[in-house]
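First comes the structure, then the notes that go with it.
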Amino acid sequence: MIAELGLALLWIAAALACLSLVVGILYVRTGKDDLAALVRPASVAQGVLTAVAFGLLITLFVRSDMSVELVARNSHSLKPMLFKVAGAWGNHEGSMLLWLTILGVSGALVAIFEKRLRKDTLVATLAAQAALSLGFFAFLLFSSNPFKRLPVAPPDGQGLNPLLQDPGLAFHPPTLYIGYVGISVAFSFAVGALVTREIGPAFARAMRPWVLGSWIFLTLGITAGSYWAYYELGWGGWWFWDPVENVSLIPWLAGAALLHSVSVTATRNALRAWTVMLAVIAFSMSMVGTFIVRSGLLTSVHSFAVDPERGTFLLALMAIYIGGALTLFALRAGTVAEGKKFALLSREGSLVINNLLLTTILALVLLGTLYPIVAEAMGEKISVGPPYYNKVAGPLALILCLVMVTGPLLNWRKDDGKKLWSRLPIAIFAGAVILFGLVLFGGKVGVLPLLGMTVAGIVAVASLAPLWKRNLRRTPLPTWGMVIAHFSVAIALAGMAAESAFIKERLVAAAPGETVKVDDYSVKFAGVTPTAGPNYTAIRGTLIATTSSGASFTLHPEARTFPGLMGTAPTETNEAALLTRPGGQLYVVLGQPVTGDDGTADRYQLRLWWKPLVWWIWLGGALIAIGAALSMLGRAQLLEIWRVRRARKAEERFA
Amino acid sequence: MKAKHQRLILAAVALCGVAGAGVLGASALRDEAAYFRTPAEVKAGKTMVGEPMRLGGMVAAGSIRRQSDGLTIDFVATDGKASIPVQFKGIVPDLFAENSGMVADGRMRADGIFVADRILAKHDERYMPPQMGEMPKNMKLAPGE
């Protein structure tokens with residue numbers, strides 16, 4: 001019954017989306033108020049019903065109802081509970097339902113909370129959101145029904161890709177999805193504002209929390225995904241420029257550009273058309289990302305066996321939404337009044353440069369991601385890897401960081417170059433100290449890492465400058481948010497640069513009892529023992545790492561084997577062991593046994609890395625999200641309402 | 001007039017930036033993009049020595065040899081038409097085996113050996129380059145060949 005109920009709810013929700021869309025269009029055309037009253041409740045109901053349907057899907061996974069095809073294919077009754085729940089979205093159909101749920105719930109939240117926008121703009125926005133939902137409802141109901149029953153229920157399920165059986169999986173996709181889909185609200189606001197021609201500070205302020213919110217989730221999702229890839233793949237890298245990673249980075253870059261430009265529109269009423277354009281680009285990029293991953297265009301761990309029909313469907317949806325929004329923009333762009341003017345050397349000016357750099361990096365990453373696909377269509381097989389991305393994105397990112405140094409120190413509208421210099425001496429001094437220190441004592445360091453650490457130093461100092469001589473308790477939250485986010489960029493940048501400059505790697509075939517030196521650590525390989533987990537068997541290595549100061553730590557890397565369920569081949573994974581120290585991380589992977597002349601395994605392959613400051617990368621990522629969250633909190637409508645009420649009450653008391 | 005000037009300068013800067021980025025992107029792609037080649041294509045002279053590339057093929061039966069350091073392996077990659085000797089130092093993926101597909105990132109050395117920096121095995125769910133999907137079709141190997 002649960003599956004049938006879930007499907008029925010989805011159909012009703014789809015009908016409600018249809019209603020919102022039609023009513024919205026009618027209202028915008030005729031301006032009859034009685035119609036508009038329908039849109040808000042319809043949006044809320046649509047969000048609630050979709051969320052309930054998603055809850056029912058999770059229930060099916062929790063109960064291991066194998067009569068449902070999706071459960072049978074992706075779950076197993078013996079799986080730990082967390083992975084049963086996560087299994088609900090660790091597959092194509094479930095993840096599309098999650099996508100729709102977030103789309104619906106976002107629409108509902110806009111319908112409930114948005115009070116600042118003009119009514120017609122709000123209705124147009126909700127109608128745009130409903131149009132988005134409708135397309136994905138069609139996709140789900142016609143080509144990816146998650147509630148499909150099997151004619152005969154199998155005795156048990158086929159399990160879940162063992163690599164995906166990690167607590168990281170439980171939160172990684174939902175986090176990224178909230179980020180992806182949150183931007184849809186910015187998109188809908190942009191479409192709504194274009195329809196009613198209300199593009200100005202009010203529209204920007206309504207859009208800003210959604211941009212910030214989704215960007216926070218994207219940041220967290222990317223940071224978590226990077227850490228997951230780092231410890232789970234056992235390759236020692238934290239970013240592979242894999243297409244799947246790129247398609248999460250691209251909307252993040254667009255979001256970063258958008259949250260800066262939307263601030264300009266909200267505060268200064270400038271960059272109006274550009275902000276609208278960026279909102280369209282940002283969501284288009286998250287749809288492109290979803291399309292590339294979901295269509296099976298790239299085959300990697302993220303794409304669950306897909307058929308071309310679905311790819312075509314998604315491509316059509318994308319073409320309709322992006323094409324439609326761009327057409328609307330082209331029609332209306334001419335009527336968007338010119339925003340407030342500003343000088344090149346001003347905060348607006350530096351934000352324009354920030355936006356140009358971010359969109360350029362975006363375009364170059366997109367180029368590298370799509371180029372192999374285009375080349376393959378033309379009969380040439382090409383792969384574009386880290387050398388390309390490092391070459392194009394590295395230098396631009398460093399220039400971007402330098403703009404980040406000056407931007408917050410400039411006044412709005414126009415500023416004086418000499419005054420800017422007078423605000424920078426400590427930061428420049430810090431950079432110079434780092435640069436000379438590294439050149440003199442750092443040994444052989446590459447140019448990019450060297451500049452990276454220098455720029456990180458400059459940014460770290462300069463990012464604190466906006467707090468200079470300020471009453472810290474009265475400093476507004478958004479300023480705190482900006483300072484923390486920019487400072488955290490410096491932390492992450494320092495981590496990336498230090499890791500690539502000073503990384504130490506050892507690859508050995510070691511016999512038990514042997515000791516390997518890597519940087520400051522003497523690592524003794526004590527041997528291996530067979531062991532078993534809840535649904536795998538493993539060879540578990542024991543290594544004892546000792547520092548030169550005598551501190552000693554034990555590490556247990558594992559080589560795991562997951563038995564093949566229902567006739568599938570067994571899967572093996574390498575579980576790296578990590579030792580986190582203040583100065584960095586020791587990373588150990590247990591490789592394969594090496595058979596000696598007598599045919600017995602007497603040695604094991606070991607790969608050890610010392611990665612200086614590597615955890616700063618993820619710390620920086622998490623702190624950037626916290627900075628953005630403070631920024632959002634400082635501008636939240638609820639908080640504003642609460643503050644106004646409190647102030648009013650206080651006044652009444654004194655009256 | 002002044003504002004108009006400013007706008008023009010801004011537009012010019014933006015245009016230069018976009019053009020520069022285009023040139024940067026195109027040149028980096030030309031230098032850094034790695035072609036996917038089969039052993040037959042390599043034998044046909046489609047690749048240059050030292051150029052980054054990706055070699056795809058089957059691991060020929062009986063060809064895997066481990067050197068005494070326990071880390072370096074030699075094997076022969078074949079597509080049924082031609083064979084290329086490959087050398088790799090490191091930990092191979094668990095599913096790397098004779099008679100199964102693999103893709104290697106690396107470059108050709110002057111002596112005709114392909115030196116791999118990284119090996120990806122077919123069915124290795126950690127990573128499947130799109131090229132892998134097509135392999136079984138154009139690669140029919142008689143058992144024991």
When residue A:76 is run through (1) in contact with a Ser or Thr (Cβ under 7 Å, 6 or more places away or on another chain); (2) outside any helix (DSSP H, G or I), the failure sits at (1)
Within region A:406-427, of all residues that are in contact with a Ser or Thr (Cβ under 6 Å, 6 or more places away or on another chain) and among the basic types (Lys, Arg), the one farthest from the other protein chains (Cβ to nearest Cβ) is A:413
The residue that is nearest to the chain's Cα centre (by Cα), considering only those in region B:47-92 that are of a type in the set (Val, Ile, Thr) and surrounded by fewer than 18 Cβ atoms within 10 Å (Cβ to Cβ), is B:49
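Which of the strands (runs of 3 or more DSSP E) contained wholly in region A:502-573 include at least 2 residues that are more than 25 Å from residue A:610 (Cα to Cα)?
Per the criteria, A:521-532, A:558-562.
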When region A:582-625 is checked residue by residue, the ones that are under 20 Å from residue A:231 (Cβ atoms) and assigned to a loop (DSSP other than H, G, I, E, B) are A:582, A:583, A:613, A:614
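Here is a yes/no grid of residues against (1) touching a residue at least 40 places away in the same chain (Cβ under 8 Å); (2) more than 10 Å from chain B (Cβ to nearest Cβ):
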site: A:330; (1), (2): no, yes
site: A:333; (1), (2): yes, yes
site: A:344; (1), (2): no, no
site: A:368; (1), (2): yes, no
site: A:374; (1), (2): no, yes
site: A:391; (1), (2): no, no
site: A:404; (1), (2): yes, yes
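For region A:81-104, check the following and say yes or no: at least one residue is closer than 30 Å to residue A:66 by Cα, more than 23 Å from the chain's Cα centre (by Cα), assigned to a helix (DSSP H, G or I) and among the basic types (Lys, Arg).
yes
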Counting only residues that are surrounded by fewer than 20 Cβ atoms within 10 Å (Cβ to Cβ) and modelled with pLDDT under 85, region A:546-566 contains a total of 5
Residue hits (region B:20-46; hydroxyl-bearing (Ser, Thr, Tyr) and buried (at least 20 other Cβ atoms within 10 Å of the Cβ)) are B:38
Restricted to region A:502-536 and to residues being in contact with a Ser or Thr (Cβ under 8 Å, 6 or more places away or on another chain) and within 14 Å of chain B (Cβ to nearest Cβ), the residue nearest to residue A:443 (Cα to Cα) is A:516
Expected single match for among the aliphatic types (A, V, I, L, M), assigned to a helix (DSSP H, G or I), farther than 21 Å from residue A:96 by Cβ and touching a residue at least 12 places away in the same chain (Cβ under 8 Å) among A:22, A:28, A:52 is A:28
Residue hits (region B:118-145; modelled with pLDDT of 85 or more and at the interface with chain A (Cβ under 10 Å from one of its Cβ atoms)) are B:118
Per the list (1) within 29 Å of residue A:606 (Cβ to Cβ); (2) within 12 Å of chain A (Cβ to nearest Cβ); (3) touching a residue at least 12 places away in the same chain (Cβ under 8 Å), residue check on residue B:101 breaks on (2)
By residue number, the members of region A:230-250 that are hydrophobic (A, V, I, L, M, F, W, C) and modelled with pLDDT of 85 or more are A:238, A:239, A:240, A:241, A:247, A:249, A:250
By residue number, the members of region A:105-150 that are within 22 Å of residue A:59 (Cβ to Cβ) and not in a helix (DSSP H, G or I) are A:144, A:145, A:146, A:147, A:148, A:149, A:150
Taking residue A:391, is it touching a helix residue (DSSP H, G or I) at 6+ places or on another chain (Cβ under 6 Å) and surrounded by fewer than 17 Cβ atoms within 10 Å (Cβ to Cβ)?
no
- request: Could you tell me whether region A:599-606 includes any residue that is within 26 Å of residue B:120 (Cβ to Cβ), in contact with a Lys or Arg (Cβ under 7 Å, 6 or more places away or on another chain), crowded, with 22+ Cβ neighbours inside 10 Å and touching a residue at least 12 places away in the same chain (Cβ under 8 Å)?
  value: no
Those residues of region A:233-251 that are within 14 Å of chain B (Cβ to nearest Cβ) and touching a Lys or Arg at 6+ places or on another chain (Cβ under 9 Å) come to a total of 4
(message) Residue under question is residue A:461, and the condition is that it be without any contact (Cβ under 8 Å) to a residue 12 or more places away in the chain, assigned to a helix (DSSP H, G or I) and out of contact with any strand residue (DSSP E or B) (no Cβ under 8 Å at 6 or more places or on another chain); does it hold?
(response) no
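Here is a yes/no grid of residues against (1) farther than 30 Å from residue A:385 by Cβ; (2) of a type in the set (Asp, Glu); (3) not in a helix (DSSP H, G or I):
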residue: A:211; (1), (2), (3): yes, no, no
residue: A:237; (1), (2), (3): no, no, yes
residue: A:240; (1), (2), (3): no, no, yes
residue: A:248; (1), (2), (3): no, no, no
residue: A:264; (1), (2), (3): yes, no, no
Of (1) surrounded by fewer than 17 Cβ atoms within 10 Å (Cβ to Cβ); (2) more than 7 Å from chain A (Cβ to nearest Cβ); (3) in a helix (DSSP H, G or I), residue B:110 satisfies every one except (3)
| Of the residues that make up region A:545-556, is at least one under 34 Å from the mean Cα position of the chain (by Cα) and within 13 Å of chain B (Cβ to nearest Cβ)? | no
Q. Hey, any hits in region A:379-389 for a residue that's at the interface with another protein chain (Cβ under 8 Å from one of its Cβ atoms), under 15 Å from residue A:250 (Cβ atoms), in a loop (DSSP other than H, G, I, E, B) and within 25 Å of the chain's Cα centre (by Cα)?
A. yes
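The values are calculated or read from the model by the stated rules, or taken from the named source; none is laboratory data. From a predicted model like this one, the values you see are computed outputs, not experimental measurements. All Cβ positions, even for glycine, are placed from backbone atoms using ideal geometry, and neighbour counts span all protein chains on display.
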